[in-house]
Amino acid sequence: MAITLKDVAKLAGVSESTASRALNDSPLISESTKRAVLLAARQLGYRPLRKETWPTRTIGVVMPNVANPLYGQIVTAIETRAYQAGYSMFLANSYFDPEREQNHCELLLRQGAAGLIIVPTDPMAPHIQALIDYNVPCVLMSGDPLPQVDQVNVDVVMGAYLATRYLIDLGHRRIALINGPTRVRVCRNRLAGYRRALEEANLPFDAHIVVEGELNEEAGATATTRLLSLIPHDVTAVYAVNDVTAIGALRALQRAGLRVPEDVSLVGTDDIPVAAQLQPALTTVWQPKRELGDLATKLLLRQIKTREERGQGWRELYAFQNAMYLPRIIERQSARRLESFTTTEPSLHTGASEA
């Protein structure tokens, strides 16, 4: 009978996935585990398929979903900067699936990528720490503080805070949140910003008007449908954690015969190009897409150059950075002040108007 990977894994005392990664020389598998798996493979006469190798002047990019214009603009900036430096780019979508994200990272590195730029599902995940431990040049597009890694992001907690506070300043007191899945760190951070704004305004947090789903248009429409029984007599405003979700919310509201912003105000996040073209144009939280991609690439190329110059000890004197951009509100037509609400207090949001 033919020897299988399962046989090798059993003899080495590891899982099949670990055995596969060890045989493919994954940089995320320890040397002792690799030795054990290779020894088991030799003892059993197992022969893995020969792997191919891509050019090493490449960088790997792992994004959640480039169908979202937010990530599409970031990737365009990455590819432009990499090309100018003589590097090619290989791209993978993780769909905020941690296992898929890990597999993509390992594949890109096995195929010769000189470094990685990642929007991580969770920057604290073991495979992210393994990249750092195994000396892989990488840049995380995440704001959670981590040592020994360059990070570039927008203050997502502040963005959610500004959006919620903006609606509070317009007189809204029952503000629903359409959030993404809790497995995604950025969604947990946006929830924290939303709750912070409510707390500062002495408004109660109500989990019944926080709806979670995947970060896409269909999920935004589904979440909004669940809220329809509360709009507009109870809930008067909705904050969606990205613009794609907000577009789904807008369409669900319009199908239900509700007017935005007359019946319910709506605010999104990201300021993707289509946000200004909607009817009504979407009030949203601006993020610097091109700047994020450009800076992430500059930092990764600097890491790669430093490793080439200093060898495996390159991290010892390297000055890692955590660059955090500040978001701002872009005011358009999808949110309005409640007619019954007046105040002489100054607004606390940071915003910019756009016709």
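The values are calculated or read from the model by the stated rules, or taken from the named source; none is laboratory data. Note that the structure is a prediction, hence the values are computed from the model and not measured. Positions of Cβ are generated from backbone atoms using ideal geometry, with glycine treated the same way; all protein chains shown enter the neighbour counts. Note: areas computed on protein heavy atoms with side chains; ligands, DNA, RNA excluded. Shrake-Rupley method; radii C 1.70, N 1.55, O 1.52, S 1.80 Å.
Under a 5 Å amide H cut-off, with hydrogens placed 1.01 Å from N, R328 pairs with W286 among residues at least 5 apart or on other chains. Please find the FRET efficiency linking R173 to R251, where r is the Cβ-Cβ separation and R0 is fixed at 25 Å, and quote it to the nearest 0.05. With R0 = 25 Å, the Cβ-Cβ based efficiency is 0.45. Cross-link partners of K34 among lysines, defined as those whose alpha carbon lies under 26 angstrom from its own and excluding same-chain residues fewer than eight positions apart: K6, K10, K51.
Can you give the log10 of the normalised intensity I(q)/I(0) at q = 0.10, 0.13, 0.18 Å⁻¹, computed with Debye over equal Cα scatterers of the range 1-145? Ignoring solvent entirely, the Cα scatterers give -0.39, -0.63, -1.04. Surface composition of the chain: carbon plus sulfur atoms hold 51% of the accessible area, using a 1.4 angstrom probe and ignoring ligands, DNA and RNA. Rounded to whole numbers, the Karplus 3J(HN,Hα) couplings from phi for the range 251-265 are 5, 5, 5, 5, 5, 7, x, 8, 9, 10, x, 4, 8, 8, 8 Hz, using 6.51 cos²θ - 1.76 cosθ + 1.60 with θ = phi - 60°, and x at Gly and Pro. Under the criterion of Cα pairs below 8 Å and six or more residues apart, the relative contact order for the chain equals 17 percent. Between R310 and R290, the C-beta separation translates, for a Förster distance of 35 Å, into a calculated FRET efficiency of about 0.70.
The phi-based Karplus calculation (6.51 cos²θ - 1.76 cosθ + 1.60; θ = phi - 60°) puts the 3J(HN,Hα) values of the range 28-38 at 9, 10, 5, 5, 5, 5, 4, 4, 5, 5, 5 Hz, whole numbers, x for Gly and Pro. Karplus-based coupling profile of the range 161-177, in residue order and whole Hz: 4, 4, 4, 5, 5, 4, 5, 4, 5, 7, x, 7, 10, 10, 10, 7, 10, with θ = phi - 60° in 6.51 cos²θ - 1.76 cosθ + 1.60 and x standing for Gly or Pro.
Gain on full extension, evaluated as 0.36 nm per residue between E262 and L44 minus their Cα-Cα distance, stands at 71.3 nm. Computed with a 1.4 Å probe over protein heavy atoms only, the accessible area of H233 comes to about 140 Å².
Quick one: pull the percentage of alpha-carbon pairs in the chain with a separation above 31 Å. Counting pairs separated by more than 31 Å, the tail of P(r) holds 42 percent.
Distances between placed amide hydrogens fall under 5 Å for Q321 paired with D150, Q151, all partners being 5 or more residues away or on another chain.
Figure note: Y325, Y71 ranked by solvent-accessible area, largest first, 1.4 Å probe, ligands and nucleic acids not counted: Y325, Y71. Projecting the Cα atoms of L39, L28, N189 onto the charge dipole of the chain (Cβ charges, centred on the Cα centre) puts L39 farthest toward the positive pole. Scanning residues 5 or more positions from N179 or on other chains, those with amide H under 5 Å from its amide H are V211, E212, G213, with H placed 1.01 Å from N in the peptide plane. Per residue, the chain exposes 46 Å² of accessible surface when a 1.4 Å probe is rolled over the protein heavy atoms with every protein chain present.
Does the range 171-223 come out rounded, prolate or oblate, given a ≥ b ≥ c as the square roots of the eigenvalues of its C-alpha gyration tensor, rounded meaning a/c under 1.5 and, failing that, prolate meaning a/b above b/c? Verdict is oblate for the range 171-223.
Calculated [222 nm] ellipticity per residue, helices only, for the chain: -13000 deg cm²/dmol; basis is -39500 (n - 2.57) per DSSP H run with n ≥ 4, divided by all residues, nearest 500. Largest accessible area first, the residues L301, L44, L266, L39 order themselves as L39, L44, L301, L266 under a 1.4 Å probe with ligands, DNA and RNA left out. The stretch between R226 and T76, if pulled fully straight at 0.36 nm per residue, gains 50.4 nm over its current Cα-Cα span. Taking F205, F320 and ordering them by how much accessible surface each has at a 1.4 Å probe, largest first, produces F205, F320.
State the answer as a single residue: which of A252, Y134, A12 lies farthest towards the positive end of the charge dipole of the chain, with beta carbon charges of +1 for Lys and Arg and -1 for Asp and Glu, about the Cα centre. Projecting each Cα onto the dipole axis, the largest value belongs to A12.
For Q321 and K10, what is the calculated FRET efficiency with R₀ set at 51 Å and r taken between the beta-carbons, to the nearest 0.05?
Computed FRET efficiency for Q321 and K10: 0.70.
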